[in-house]
Amino acid sequence: MDQLKRQAAARALEQVRDGMQLGLGTGSTAKHFVELLGERVAAGLKVIGVPTSEATRLDATRCGVPLTTLDEIDHLDITIDGADEIDPALNLIKGGGGALLREKIVAAASDRMIVIADDTKWVPTLGKFPLPIEVIPFGLGATRRAIEKAFAECGVSGQMAVRKAKGGDKDGHVFVTDGGHWIVDAQLGQIGDPAGLASALSAIPGVVEHGLFIGLASSAVLAGGEGIRVIVERRKPKGD
Ligand SMILES: O=C(CO)[C@H](O)[C@H](O)COP(=O)(O)O
């Protein structure tokens, strides 16, 4: 599986050109991309990156990839990031690694988002992977009730659980995001109308962000046993 992730990352790297400003994703697949990019930088490629998490900031620094912020530059050429699920319209569930808020800000600031993944992430309908919803700890009971109401209105239902940290010195404690928030994971099974659910969740006070990435990915590079598939979304690219 790790080999497939690296192959997808290597294919996406072929899109990177000298002078580009890149969004750097988070997770095990994005980490391969950062490592491969670091090799190209060491060989003379001139790029600059905006990391989507503190973990990626550390990886990129270790790999020698120069970094900046969205305060210093006004746009990104490409964001390359992993995903937890990808549907045929290139809608995504992201946030398994807890970085969904920064990942979405960075993807939205990019001309293009290339999703890199092994092909087990490709699904006909989003929802088997628990949907991460980043919340403010204050008033969580009220926020959860509002989320349940939004689920009912969108024809979905399922258990919700506040995410706990796994491993390390925080094992078993509530998982805290880079932004200081919590994550509620919702087991929905199938999300028939991801765009509708995304809008409903975004309207809830107390919800900082959710892991539905609608209309952000421009292509997906999927590596599997049979080779690599590149799926390109046919919507108009941003700015055209
Ligand atoms: O959304 C993410 C982190 O917030 C990751 O991109 C997603 O969880 C996929 O991770 P991996 O490449 O390790 O399977």
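For the chain, what's the relative contact order in percent, using C-alpha pairs closer than 8 Å and at least 6 residues apart?
22 percent
Springs between alpha-carbon pairs under 10 angstrom, Gaussian network model over the chain: which of K121, K31, K149 fluctuates most?
For the chain, modelled as a Gaussian network with Cα springs under 10 Å, the answer is K149.
Relative to the present Cα-Cα distance, how much length would full extension add between I231 and D74 at 0.36 nm per residue of separation?
Contour length minus Cα-Cα distance gives 53.7 nm.
Hey, how many Å between the Cα centroid of segment 15-35 and the Cα centroid of segment 119-152?
Computed from Cα coordinates, the inter-centre distance equals 27 Å.
Quick check on the chain: of the DSSP beta bridges with both residues there, what percent are antiparallel, nearest 5%?
55 percent
Please give the per residue accessible area of the chain, computed with a probe of 1.4 Å over protein heavy atoms only, in Å².
47 Å²
Per-residue HN-Hα couplings for segment 14-23, Karplus 6.51 cos²θ - 1.76 cosθ + 1.60 at θ = phi - 60°, whole Hz, x for Gly and Pro?
Taking θ as phi minus 60°, the curve returns 4, 7, 7, 10, 3, x, 6, 9, 10, x Hz for segment 14-23.
In whole percent, and with a 1.4 Å probe on the protein chains, what portion of the accessible area of segment 86-155 is carbon and sulfur?
Result for segment 86-155: 60 percent of the exposed heavy-atom area is carbon or sulfur.
Return the Cα extents of segment 139-240 along principal axes one, two and three, sorted largest first, each rounded to a whole Å.
Projected onto its principal axes, the Cα set of segment 139-240 covers 42, 37, 29 Å.
What does a probe at R145 reach in segment 204-233, counting residues whose amide N is under 17 Å from the point 7 Å along Cα→Cβ?
The answer is 204-207, whose backbone nitrogens lie closer than 17 Å to the label point.
Straight-line reach only, C-alpha to C-alpha below 20 angstrom: list the aspartates and glutamates that K5 could link to, leaving out same-chain residues fewer than 8 apart.
Result set, ordered by chain and number: E14, E35, E39, D59, D81, D84, E85, D87, E103, D118, D119, E226.
Using each residue's phi in segment 170-185, evaluate 6.51 cos²θ - 1.76 cosθ + 1.60 at θ = phi - 60° and report the 3J(HN,Hα) Karplus result to the nearest Hz, with x for Gly and Pro.
9, 3, x, 7, 4, 6, 10, 6, 4, x, x, 9, 9, 10, 9, 9
I need the Debye-formula profile for the chain: one equal scatterer per C-alpha, no solvent, reported as log10 I(q)/I(0) at q = 0.09, 0.11, 0.12 1/Å, two decimals.
The Debye formula, applied to the Cα set alone, gives -0.37, -0.55, -0.66.
Towards the positive end of the charge dipole of segment 1-124, with charges on Cβ (+1 Lys, Arg; -1 Asp, Glu), say which of L37, T69, G27 has the farthest Cα.
The residue sitting farthest along the positive end of the dipole is L37.
State which entries of K31/K94; K121/K164; K121/K166; K94/K149; K31/K104 exceed 20 angstrom in Cα-Cα distance in the structure shown.
Correct reply: K121/K164; K121/K166; K94/K149.
Applying a 10 Å radius around every beta-carbon, put 140-146, 98-104, 66-72, 176-182 in order of their mean neighbour count, most first.
98-104, 176-182, 140-146, 66-72
Out of the trypsin sites (Lys or Arg not before Pro) in segment 162-240, which ones are loop residues according to DSSP with at most 12 other C-beta atoms within 10 Å?
Sparse-neighbourhood loop trypsin sites (Lys or Arg not before Pro): K166, R234, R235.
The values are calculated or read from the model by the stated rules, or taken from the named source; none is laboratory data. Here the structure is a predicted model, which means the values were calculated and not measured. When we count neighbours, we look across all protein chains shown, and the Cβ atoms used for this are built from the backbone with ideal geometry, even at glycine. With ligands, DNA and RNA removed, areas are computed over all heavy atoms of the protein, side chains included. Shrake-Rupley method; radii C 1.70, N 1.55, O 1.52, S 1.80 Å.
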